[in-house]
Amino acid sequence: MPCTAPLALPTASSTPPATRQRWAGGVVAISLSLLSACSTVPGTLNYIAPPAQPEAATGNTAKPGWATRRYAVAAANPLATDAGRQVLAAGGSAIDAAIAVQMVLALVEPQSSGIGGGAFLLHFDGKVTQAFDGRETAPAGATPGLFLDASGQPLKFADAVVGGRSVGAPGAVAMLAQAHARHGKMPWAQLFQPAISLATQGFAISPRMAALLAADPHLKKDPVAAAYFYDSTGKPWPAGHLLRNPELAAVLQGIATRGPSGLLQGEVGEAIARKVQNHPTNPGSLSTRDLATYRPLVREPLCFDYDAAARPVRICGMPPPSSGAIAIGQILRMLDSTPASTLPLAQGLPTADWLHLYTEASRLAFADRGQYLGDPAFVQAPAGNWASLLAPAYLRSRAAQIDSSPTGKSIQMALPGQPGGTPLSYAPMPDQTEYGTSHISVVDAYGNAVAITTTIEDAWGSRQMVNRGVGLAGGFLLNNQLTDFSFSPTGGDGRPVANRVEPGKRPRSSMSPTLVFDKATGELLISGGSPGGALIIHFTAKTLYGMLHWGLNAQQAIDLPNFGSLNGPTLLEANRFSPATVQALKNRSHTVLEVPMASGLQAIERTPTGFFGGADPRREGIVLGD
Ligand code: GLU
């Protein structure tokens, strides 16, 4: 094999000092092994696991941002980011890198996403943006009363989540295969090399994974998970413990060879259905037929024009069943009808006056979200078109409810609007808990860009770990995505909730993978997104606002404290705002809750010299590239 193109390693320009230090052992060792092996040809991945695995950060760790010239990948775990970087360095495209990253995340960040979950992906090929929908579907046997108890009351969240009941047909792998068929450059099977080799050799458990393991009361009740994540005395493995997952390696090899049918059919599909249906106390109905008939969808992205301070842009996101792009668009556009853009940051923080306007716009947007949003195959868009929710005249009339005078009071809880005069045929869905998830952004050297948000829903999903039973340890976790449906199928007045459970339906999501373009030239400016349940909408909107209005770079915008409202109290990230700001909001009749708001934002922006990426200081992500 000719020796032409050595893998690019993290460079000084792409690697911040802290990471450079953490990577030092790995860089030297990788360089030496390349000198000796030197078998890389362009377009071929010869994955090399970093011999000294980078130590992931925990808690709140300042991140400097990463400048690159030709390509960049941002993900929630350093091993996953590095796998994506190796794919890009070997000549892979953005979707190639995203697939390698996702498969490594399934191993090293199993609490958040994986082959047992679903994902939304936006792809830009230099001209056209496409939205790939790999959302889970409800089994054919699911009924609107799936999450009601015997007396017709909604189940408690944990009772709904843990077991087989909450598991939908996982769509991430089939969706990635569909996107790869259109935009991949490297062979599908090669993209599984990094995850297979790390699963075989072992990876060091990250501090965040260890902390979430220690905190979860349900995972150890599953015998497969108990044998994999805990020692023989039942103690969770600590950070730094080398964990091997030979069962996952074998399943990934099957998917690498056979495509999505390696997951959704045959012995793995049967093992999934068995796991769900045979749960001892909380079984579900997901069947081998539900799995074999799962289909990912390609959708038109939901795009809207937006006059940012710097320049007019076009923002594209996921259409329904995600509520993300519509809610973000509503908030940003309603703010335009207020004095928000005249209110700069003060000492680097949003002011009480600005937070008042933002959270009021949020209340109005979340009222519409609860009223209208659901799977478009089952739920009619208001006035026949989801764009009615973003119509400037409609949003101006909605924003008229915001009292922007200096002493203006909060509306506290907004009612849904009626875009296009739509009658309110659905009952609003009450707010429900959501957690988990991971975001990946990639830009490649060919002009493609990807934003993918991927999830098994709650941290550790349904706590059901699938293992085929051939004697290999480990496996993969199944999602609990069906709990993103409304637990109550109807409102108090008997009207149906748009996002109720129905067979074959996709649950409403908040995931907001986002691409931003220069409106005049069509050039890609930003790829970004976050985990965080319904708060994803606020985390992403904050980052966009910081970059587009306050002139911050991706890292600075991600670093801003989090805030928002789900159409109730005003939520502020704990310990980030001054008592004076909190009091000023209370004076305007906001009920303020200061709470942890652990976003996991990742964003990459175009700069005059290439790209600049940011990763959330609240989690373990990094950006790498060249
Ligand atoms: N399941 C959620 C959704 O699809 C995401 C959960 C999370 O990010 O925490 O919107």
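Any chance segment 155-163 includes a residue that's in contact (Cβ under 8 Å) with a residue 12 or more places away in the chain, of a type in the set (D, E, K, R), within 16 Å of the ligand (Cβ to nearest atom) and closer than 30 Å to Pro280 by Cα? Among the residues of segment 155-163, not one is in contact (Cβ under 8 Å) with a residue 12 or more places away in the chain, of a type in the set (D, E, K, R), within 16 Å of the ligand (Cβ to nearest atom) and closer than 30 Å to Pro280 by Cα, which makes the answer no. Within segment 572-585, being in contact with a strand residue (DSSP E or B) (Cβ under 6 Å, 6 or more places away or on another chain) and either surrounded by fewer than 21 Cβ atoms within 10 Å (Cβ to Cβ) or over 22 Å from Thr437 (Cβ atoms) (or both) holds for Ala574, Val582, Leu585. Give the residue that is farthest from Leu571 (Cα to Cα), with candidates limited to residues of segment 593-619 that are out of contact with any Gly (no Cβ under 6 Å at 6 or more places or on another chain) and basic (Lys, Arg). Among them, the one singled out is Arg606. Once segment 294-320 is narrowed to residues that are in contact with a Pro (Cβ under 7 Å, 6 or more places away or on another chain) and of a type in the set (A, V, I, L, M), the residue that is nearest to Met175 (Cα to Cα) is Met318.
Looking only at segment 326-337, decide whether some residue is out of contact with any strand residue (DSSP E or B) (no Cβ under 6 Å at 6 or more places or on another chain), under 30 Å from Ser410 (Cα atoms) and part of a strand (DSSP E or B). No: segment 326-337 contains no residue that is out of contact with any strand residue (DSSP E or B) (no Cβ under 6 Å at 6 or more places or on another chain), under 30 Å from Ser410 (Cα atoms) and part of a strand (DSSP E or B). For segment 338-359, the tally of residues that are more than 15 Å from Ser404 (Cα to Cα) and assigned to a helix (DSSP H, G or I) stands at 0.
Among the residues of segment 547-587, those that are within 15 Å of Ala414 (Cβ to Cβ) and part of a loop (DSSP other than H, G, I, E, B) comprise Ser565, Leu566, Asn567, Gly568, Pro569.
Number of residues in segment 487-531 that are touching a Leu at 6+ places or on another chain (Cβ under 9 Å), of a type in the set (A, V, I, L, M, F, W, C) and away from the ligand (no atom under 16 Å from the Cβ) equals 6. When segment 321-332 is limited to residues that are more than 12 Å from the ligand (Cβ to nearest atom) and either without any contact (Cβ under 8 Å) to a residue 24 or more places away in the chain or not small (Gly, Ala, Ser) (or both), the one that is nearest to Ala603 (Cα to Cα) turns out to be Ile328. Within segment 407-461, the set of residues being hydroxyl-bearing (Ser, Thr, Tyr), under 25 Å from the mean Cα position of the chain (by Cα) and more than 16 Å from the ligand (Cβ to nearest atom) comprises just one member, Tyr446.
Hey, among the residues in segment 462-486 that are within 14 Å of the ligand (Cβ to nearest atom) and assigned to a loop (DSSP other than H, G, I, E, B), which one's farthest from Gly116 (Cα to Cα)? Looking at the filtered set, the residue picked out is Phe485. Looking at segment 171-188, is at least one residue surrounded by fewer than 17 Cβ atoms within 10 Å (Cβ to Cβ) and among the polar types (S, T, N, Q)? No, segment 171-188 contains no residue that is surrounded by fewer than 17 Cβ atoms within 10 Å (Cβ to Cβ) and among the polar types (S, T, N, Q). Residues Ala598, Ala534: which one is in contact (Cβ under 8 Å) with a residue 60 or more places away in the chain and not in a loop (DSSP other than H, G, I, E, B)? After ruling out the rest, the residue left standing is Ala534. Per the conditions (1) polar (S, T, N, Q); (2) farther than 27 Å from Leu343 by Cα; (3) surrounded by fewer than 19 Cβ atoms within 10 Å (Cβ to Cβ), the sole criterion not satisfied by Gln371 is (3).
When residues in segment 305-339 are screened for being surrounded by fewer than 22 Cβ atoms within 10 Å (Cβ to Cβ) and of a type in the set (A, V, I, L, M), 4 of them pass. Against the criterion of being surrounded by fewer than 24 Cβ atoms within 10 Å (Cβ to Cβ), farther than 22 Å from Val268 by Cβ and either away from the ligand (no atom under 16 Å from the Cβ) or β-branched (Val, Ile, Thr) (or both), Gly141 does not qualify. More than 16 Å from the ligand (Cβ to nearest atom), among the basic types (Lys, Arg), within 27 Å of Val104 (Cα to Cα) and not in a helix (DSSP H, G or I): does that describe Arg295? The answer is yes for Arg295. Annotation: Ile604 fulfils all but one of (1) out of contact with any Phe, Trp or Tyr (no Cβ under 7 Å at 6 or more places or on another chain); (2) β-branched (Val, Ile, Thr); (3) more than 16 Å from the ligand (Cβ to nearest atom); the unmet one is (1). Is one or more of the residues making up segment 548-566 buried (at least 24 other Cβ atoms within 10 Å of the Cβ), in contact (Cβ under 8 Å) with a residue 60 or more places away in the chain, within 16 Å of the ligand (Cβ to nearest atom) and farther than 22 Å from Ala310 by Cα? For segment 548-566, residues buried (at least 24 other Cβ atoms within 10 Å of the Cβ), in contact (Cβ under 8 Å) with a residue 60 or more places away in the chain, within 16 Å of the ligand (Cβ to nearest atom) and farther than 22 Å from Ala310 by Cα: present.
Considering (1) assigned to a loop (DSSP other than H, G, I, E, B); (2) free of Cβ contacts under 8 Å to residues at least 12 places away in the same chain, the lone condition that Gly145 does not fulfil carries the number (2). Take segment 252-292 and flag every residue that is more than 27 Å from the chain's Cα centre (by Cα) and surrounded by 18 or more Cβ atoms within 10 Å (Cβ to Cβ). Residue satisfying the conditions is His279 alone. When you scan segment 149-160, do you find a residue that is crowded, with 24+ Cβ neighbours inside 10 Å and within 23 Å of Gly324 (Cα to Cα), even just one? No: zero hits.
Restricted to segment 91-138, and to residues there that are in contact with a strand residue (DSSP E or B) (Cβ under 8 Å, 6 or more places away or on another chain) and hydroxyl-bearing (Ser, Thr, Tyr), the residue that is farthest from Ser441 (Cα to Cα) is Thr137. Of all residues in segment 468-486, at least one satisfies being modelled with pLDDT of 95 or more, over 30 Å from Leu243 (Cβ atoms) and not aliphatic (A, V, I, L, M).
The values are calculated or read from the model by the stated rules, or taken from the named source; none is laboratory data. Note that the coordinates shown come from a computational prediction; the quantities given were computed from them, not determined experimentally. Note that each Cβ is placed from the backbone with ideal geometry, even for glycine, and that neighbours are counted across all protein chains shown.
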